[in-house]
Structure formats: C-alpha cells, structure tokens
Amino acid sequence: MSKATKTAKSSAKNAAKTATVTGSAIDIGITEQNRAKIATGLSHVLADTYTLYLKTHNFHWNVVGPMFNTLHLMFEGQYNALALAVDLIAERIRALGYPAPATYSEFAKLTAISETKGVPKAEDMIALLVEGHETVARTARKLFPTVDAASDEPTADLLTQRMQEHEKTAWMLRSLLEA
C-alpha cells in the first residue's frame, strides 16, 4: 500500500471518529465504508487538481516567448477553472462526512502529479500541462468502480464533469504542439 493511500485512509478514519463525536449521523444511502473509500479517492482527485492549479498558475506567471499573450491568457482561464473545481471536489468530500485535505504536505502525499522545477520553455509548459490534465482524468476514472458500486450519482456526476473538462483541455493544449 502506498504512503499516499495510507495517509488518505488515516484521514478517513479520523474523519469517521469526528463525525461520531459530533453526533451527526450521515444517512444518505451510502454506507460509511463506501463513503470513506469515495472520500479517499476524491482526496486524490483534489490533490491532483490543486497541484495542477499551482503548476498552471506558475506557468501563467512565467511563460515567455512568441506565444506569450496566447498562453498567458489561456493559462489564466485554466487556473481559474481549476480553482473552482477544487472547491467542488472538497465540498463533495465534506458532504460525504470527511474532512478534505487542505495543506501542501497532504496534497504532496496524495498527488500523482510531479512538481516542475525551474521555468520550462513554453512548449514544455504545454506538454507538462497536457500530462497533468491527463493524470487528473485517470485519477478520477479510477474512482468510478467504487462510486458505481455505491450508487453515488452526485460523485459520478462530479467526476464525469471533471473528466470532460480535463480531457478537453488536454486536447486543446495538445493541438498547440502539433506542427
């Protein structure tokens, strides 16, 4: 079991204790065990999304070259969309009864997206963002069997919307790299 999975499971267990202590039982038709699994999976999606947000914002600030204006504006639109997405994902985790990870250290343990060192060239930024969007789509897709088994339609809807957005953004960025 990976360190990130252990961290997420530990957070889910602590959250279950917190929900019990507060006395607010959750009865939404999804078992506590399934809610914990889904919250753990969503924590990975949240960490990937937030990490991609930071990377996109970094590239927005630091892009240079002949495509500066186009990429600067495109990256701004993308990081704004990611900022809205992290809120939706975190709120779904909360609705399931668990705390959302919300620190750099938690995100670093949970994300599958690596940090970019230095300032890459514009085309490398684009390729790194394609990779990031595809990673978030894969992370979200991995959660579907659990979500489907629990009949968790709200999470399925959220994941579907996120995957559509990430796949579309990856396609648009990828098209910039074609000669």
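Does region 146-168 hold any residues that are within 18 Å of residue 85 (Cβ to Cβ) and of a type in the set (Ser, Thr, Tyr), and which are they?
155, 160
Which of the numbered conditions does residue 101 fail, given that it passes all the others? Conditions: (1) farther than 15 Å from residue 47 by Cβ; (2) in contact with a Ser or Thr (Cβ under 6 Å, 6 or more places away or on another chain).
Failed condition: (1).
Within region 96-111, does at least one residue satisfy the condition of being closer than 20 Å to residue 36 by Cβ, at pLDDT 95 or above, in contact with a Pro (Cβ under 7 Å, 6 or more places away or on another chain) and not acidic (Asp, Glu)?
Yes, region 96-111 contains at least one residue that is closer than 20 Å to residue 36 by Cβ, at pLDDT 95 or above, in contact with a Pro (Cβ under 7 Å, 6 or more places away or on another chain) and not acidic (Asp, Glu).
Here are some residues: 148, 152, 157. Which one is of a type in the set (D, E, K, R) and buried (at least 20 other Cβ atoms within 10 Å of the Cβ)? Step through it out loud before you land on a result.
On the way: 148 fails: buried (at least 20 other Cβ atoms within 10 Å of the Cβ); 157 fails: buried (at least 20 other Cβ atoms within 10 Å of the Cβ).
Of 148, 152, 157, the one residue that is of a type in the set (D, E, K, R) and buried (at least 20 other Cβ atoms within 10 Å of the Cβ) is 152.
Kindly indicate which of 119, 130, 86 is of a type outside the set (Ser, Thr, Tyr), surrounded by fewer than 22 Cβ atoms within 10 Å (Cβ to Cβ) and in contact with a Phe, Trp or Tyr (Cβ under 6 Å, 6 or more places away or on another chain).
Values: 119 fails: in contact with a Phe, Trp or Tyr (Cβ under 6 Å, 6 or more places away or on another chain); 130 fails: in contact with a Phe, Trp or Tyr (Cβ under 6 Å, 6 or more places away or on another chain).
That would be 86, the only listed residue that is of a type outside the set (Ser, Thr, Tyr), surrounded by fewer than 22 Cβ atoms within 10 Å (Cβ to Cβ) and in contact with a Phe, Trp or Tyr (Cβ under 6 Å, 6 or more places away or on another chain).
For region 54-67: of the residues being of a type in the set (A, V, I, L, M, F, W, C) and either assigned to a helix (DSSP H, G or I) or touching a Pro at 6+ places or on another chain (Cβ under 9 Å) (or both), which is surrounded by the fewest Cβ atoms within 10 Å (Cβ to Cβ)?
Taking region 54-67 first, the residues of a type in the set (A, V, I, L, M, F, W, C) are 54, 59, 61, 63-64, 67.
Keeping just the survivors that are either assigned to a helix (DSSP H, G or I) or touching a Pro at 6+ places or on another chain (Cβ under 9 Å) (or both) gives 54, 59, 61.
Values: 54: 18, 59: 24, 61: 12.
Here the residue is 61.
Going residue by residue through region 71-93, is there one that turns out to be more than 15 Å from residue 129 (Cα to Cα), in a helix (DSSP H, G or I) and basic (Lys, Arg)? Even if it seems obvious, please write down each step before you answer.
In the first step, residues of region 71-93 are kept if they are more than 15 Å from residue 129 (Cα to Cα); the result is 83-93.
Okay, now just the ones that are also in a helix (DSSP H, G or I), so 83-93.
From the residues that got through so far, the ones that are basic (Lys, Arg) too are 92.
Yes, region 71-93 contains at least one residue that is more than 15 Å from residue 129 (Cα to Cα), in a helix (DSSP H, G or I) and basic (Lys, Arg).
Which one of these is buried (at least 22 other Cβ atoms within 10 Å of the Cβ) and among the polar types (S, T, N, Q): 51, 70?
51
Just checking, does region 96-106 include any residue being of a type in the set (Ser, Thr, Tyr) and under 12 Å from the mean Cα position of the chain (by Cα)?
no
The values are calculated or read from the model by the stated rules, or taken from the named source; none is laboratory data. Treat the numbers as computed from the prediction; the structure is a model and nothing was measured. Every residue, glycine among them, receives a Cβ derived from its backbone with ideal geometry; neighbour counts consider all protein chains shown.
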